[in-house]
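Asker: Please read through the structure below; I'll follow up with questions.
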Amino acid sequence: MVTTFRRCDRILLHDISWQQFEALLQDLGDHRAARLAYDRGTLEIMTPLPEHEYYKEVLSEATKEIADVLERDYESYGSTTWRRQIKEAGLEPDNCFYFQNESKVRGKLSFDLDRDPPPDLSLEIDLTSKSLNRLPIYARLGVPELWCYDDGQITIYHLRQGAYVESANSLVFPQLPIRELPQLIEEYRQQGRRTLRQAIRTWAQTHLQN
């Protein structure tokens, strides 16, 4: 293992075999702060900062509140490690959800992406420029939709023929202008989490009535 890049919250390593990646996951265990991403021999180890975690939690809560308003069934699997050895791809999203395929995974506690569908939606918080591009990893895992938050904006990506393209609308919530969420979050951020969650519910209900 050779460390080629380091900042205060991440390390980038090259020439890491799949077996080394798997061994590191086992050694680190499930109860840890660091998040890993693996792309064909390159490994990033990232320790999230408080600002990153705030927006991860808020956007996760917003997704759940919207699902409740729309009466949509869902499953949320947090920062589960998703990996496919044949694709040399593995990562841990900031959060991930099943909506379209919820009935296929309801109550499942273990997954094999060679048999099970990948999450329908993953969240990525990019407050600082990540040293490893995650989009190609997600594409090889087959995740249909990504929401990437960065600098007060959400970019929505849809998987099309093996690559991601930007979209104005969400596949999961096509009825709602999801890209308005960051503005709503900032408007209510100083008023506390409960008030913010209620504002998100009201916002979703208002758009459904229009």
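The values are calculated or read from the model by the stated rules, or taken from the named source; none is laboratory data. This structure is a prediction, so every number in the text was calculated from the model and none was measured. All Cβ positions, glycine included, derive from the backbone under ideal geometry; neighbour counts span all protein chains shown. Surface areas here come from the heavy atoms of the whole protein model, side chains and all, with no ligands, DNA or RNA. Shrake-Rupley method; radii C 1.70, N 1.55, O 1.52, S 1.80 Å.
Asker: In µm²/s, what is D for the range 83-210 at 37 °C and 0.692 mPa s, where D = kT/(6 pi eta Rh) by Stokes-Einstein and Rh is the Kirkwood radius from Cα pairs?
Answerer: Numbers: Rh = 16.1 Å.
Approximately 203 µm²/s, per Stokes-Einstein.
Asker: On the protein heavy atoms, probe 1.4 angstrom, tell me the percent of accessible surface of the chain carried by carbon and sulfur. Could the numbers behind the result be given before it?
Answerer: Numbers: 4760 of 10870 Å².
Accessible surface attributable to carbon and sulfur in the chain totals 44 percent.
Asker: Among 167, 208, 135, whose Cα projects farthest towards the positive end of the dipole of the range 85-210, with charges put on the beta-carbon of Lys, Arg (+1) and Asp, Glu (-1)?
Answerer: With unit charges placed on the Cβ atoms, the residue in question is 208.
Asker: Once label points are set 7 Å from the Cα along Cα→Cβ at both residue 135 and residue 191, what is their separation, rounded to one decimal in nm?
Answerer: That separation, rounded to one decimal, is 3.5 nm.
Asker: Separate question: How large is the dipole of the range 87-210 about the Cα centre if only Lys and Arg carry +1 and Asp and Glu carry -1, each at its Cβ, rounded to the nearest 20 debye? Spell out each step's value before the answer.
Answerer: On the way: 15 positive and 17 negative charges, 79 e Å.
Roughly 380 debye for the range 87-210.
Asker: Dipole size in debye (nearest 20) for the chain around its Cα centre, Lys and Arg Cβ +1, Asp and Glu Cβ -1?
Answerer: Numbers: 26 positive and 33 negative charges, 27 e Å.
Its charge dipole is roughly 120 debye.
Asker: Let me ask something else. What residue among 97, 12, 55 has its Cα farthest toward the positive end of the dipole of the range 1-99, where the charges are +1 on Lys, Arg and -1 on Asp, Glu, each on the Cβ?
Answerer: 12
Asker: Determine the relative contact order of the range 94-157: mean sequence separation of Cα pairs under 8 Å and six or more apart, normalised by residue count, in whole percent.
Answerer: On the way: 77 pairs, mean separation 21.0, N = 64.
In percent, rounded to a whole number, it is 33.
Asker: Same structure, new question: Non-local amide H neighbours of residue 94 (under 5 Å, H modeled in plane, Pro and chain starts lacking H): which ones?
Answerer: When sequence neighbours closer than 5 places are left aside, the close amide H contacts are 123, 125.
Asker: Below 26 Å Cα-Cα, how many Lys pairs turn up in the chain? Only count pairs eight or more apart in sequence, or on different chains, if you could.
Answerer: Counting lysine pairs in the chain gives 9.
Asker: Also, quick follow-up: Given a Förster distance of 35 angstrom, what is the FRET efficiency for residue 206 paired with residue 57, based on the Cβ-Cβ distance and rounded to 0.05? If you can, show how the numbers build up before the last one.
Answerer: Numbers: r = 24 Å, r/R0 = 0.67.
Once the sixth-power term is evaluated, E becomes 0.90.
Asker: Give the shape of the range 44-115 as rounded, prolate or oblate, defined through the alpha-carbon gyration tensor: a ≥ b ≥ c are the square roots of its eigenvalues, a/c under 1.5 means rounded, and otherwise the shape is prolate if a/b is larger than b/c and oblate if not. Kindly include the intermediate steps, with their values, before the conclusion.
Answerer: On the way: a/c = 2.94, a/b = 1.07, b/c = 2.74.
In terms of gyration-tensor shape, oblate.
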